[in-house]
Structure formats: C-alpha cells, structure tokens
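S.K.: Shown below is the structure under consideration.
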Amino acid sequence: MSKVAASHILVDQEHEVKDIITKIGAGETFEKMAKDFSKCPSGKSGGALGEFGRGMMVKPFEDAAFGLEVGQLSGPVKTQFGYHLIKRTK
C-alpha cells in the first residue's frame, strides 16, 4: 500500500486525546472534536489531511496511520508536535 488518507486531532497532552476518544465514544463526531480541540490548522476542516505516502509525515504518525484500518482511530500518538488522535479515512 503506497498511500493512505487520514484525519487527525493535535493536542498538547496525552490525557486530552483520551478525553476526546471518550467523547467520540459517547456520540460526538471526530470532525466536531477536531474543530473544537485541534491545534493544527487542519482542525478547521475536521482534521482532514488528505492522502500521503511513506516518508511524508513524521515517523510515529506515519507508522500509526499506516497501521490502522479504514475508519479506525489510533490511541494517543506522540510526536515533536504534541499528541495526535488519528483516524484513517481511506
């Protein structure tokens, strides 16, 4: 597989990712959570990052995104930017 598409929510603390996962489990949408909480400019568009291939993202993010099934959420993924919640979309 050469490319995946994913959305993400970027926050400062690991516990924030866990809180967001809980809210999504309670019925909030990933996109609304991205708009409300993500520090990344992609949050305005529901966290959508579009398609990307290997070597285009930082390694921990890339490894997590490529390891997910379509529609699946990651756990907290730490990078130098903060903590990500990743949802594979394609």
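Where a number appears in this text, it was derived from the coordinates with a stated rule and is not lab data. This is a predicted model, so every value here is computed, not measured. All Cβ positions, even for glycine, are placed from backbone atoms using ideal geometry, and neighbour counts span all protein chains on display.
S.K.: Find out how many positive minus negative residues lie around residue 4, taking Lys and Arg as positive, Asp and Glu as negative, among other residues whose Cβ is under 15 Å from that of residue 4.
M.R.: +2
S.K.: Under a crude label model (7 Å from the Cα following the beta-carbon direction), how far is residue 63 from residue 15 in nanometres?
M.R.: 2.6
S.K.: What is the local net charge at residue 81, summed over the other residues whose Cβ is closer than 11 Å to its Cβ (Lys, Arg +1; Asp, Glu -1)?
M.R.: Spelling it out: positives minus negatives among the neighbours equals +1.
S.K.: Expressed as an acute angle from 0 to 90° and rounded to the nearest 10, what is the orientation of the C-alpha long axis of helix 14-25 relative to the principal long axis of the chain?
M.R.: 80
S.K.: Below 8 Å between Cα atoms, with a sequence gap of 6+, how large is the relative contact order for the chain in percent?
M.R.: 41
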